[in-house]
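Worksheet: the structure to be examined is printed underneath.
FYI, it's all coordinate maths here, none of it is from the lab. Since the model is a prediction, treat every value here as computed from it, not as a measurement. Don't worry about glycine lacking a Cβ; one is built from the backbone with ideal geometry, like all the others, and counts go over all protein chains shown.
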Amino acid sequence: MKKFQLNRKFIPPQITERYLVGLMPALKQKKVQSFTTLILTLFTITFFGFFAINPTFSTIADLKKQITDSEYVHETLQTKISNLSYLQESYARIKNDLDSVYAAIPQSPDIATFLGQVQSIGNSNAIAIERVQTLPVDLSQQTVTSKYITYTFTIDGSGSYSNLSHFLVDLTGSSRLVTIESITMHEGVKPTDPYRIDIRGKAFFKG
């Protein structure tokens with residue numbers, strides 16, 4: 001039978017050899033051996049289990065972060081969808097008015113159409129349009145703060161005072177956006193002569 005040898009290097013000074021020798025019989029008992037084996041087994045499982053479970057904890061943390069990020073992206077997308085729906089509804093409400101807006105400020109000077117409108121308004125108010133003149137368009141007017149350009153026009157005509165007043169109302173209320181800068185009205189030489197009017201204004205377009 002092999003004798004059990006004690007290695008003194010691993011014996012703390014507080015534990016005497018006599019104490020260890022007295023403990024040997026107890027270690028030989030089956031209950032003590034079973035208990036010792038159980039303790040060592042639990043220690044081994046705990047030790048290696050920690051290294052096995054630790055990566056799992058990291059994975060769970062990463063998954064939680066991904067879920068949080070996904071929820072944020074989802075909420076942002078829902079907000080954008082809601083805003084787009086609102087814009088679509090707003091566009092549907094003003095869609096019928098867009099033609100009027102485009103006619104008020106066309107993309108080009110469209111001088112020929114403007115002159116035709118002036119002549120038509122004059123005819124409907126029994127005004128004799130004697131001259132309509134437009135000055136050259138200055139494209140340098142367009143700036144960063146103002147994207148609209150104007151050109152100056154002058155209108156010379158004649159008619160009754162009442163008809164000329166209606167002509168001015170219809171001209172400023174027409175589909176084309178214009179501003180009146182000056183109006184000069186003259187009485188005729190004779191009481192039966194029509195009034196003469198000279199109008200100077202500006203028409204807008206988007207360059």
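Multiplying the residue separation of SER174 and PHE204 by 0.36 nm and subtracting their alpha-carbon distance yields 9.5 nm. Efficiency by 1/(1 + (r/R0)^6): what FRET value for TYR91 and SER165, r their Cβ-Cβ distance, R0 = 45 Å, to the nearest 0.05? Efficiency for this residue pair is about 0.70.
Site pair SER120 and ILE60 shows an inter-label distance of 7.7 nm when each label is modelled 7 Å from Cα along Cα→Cβ.
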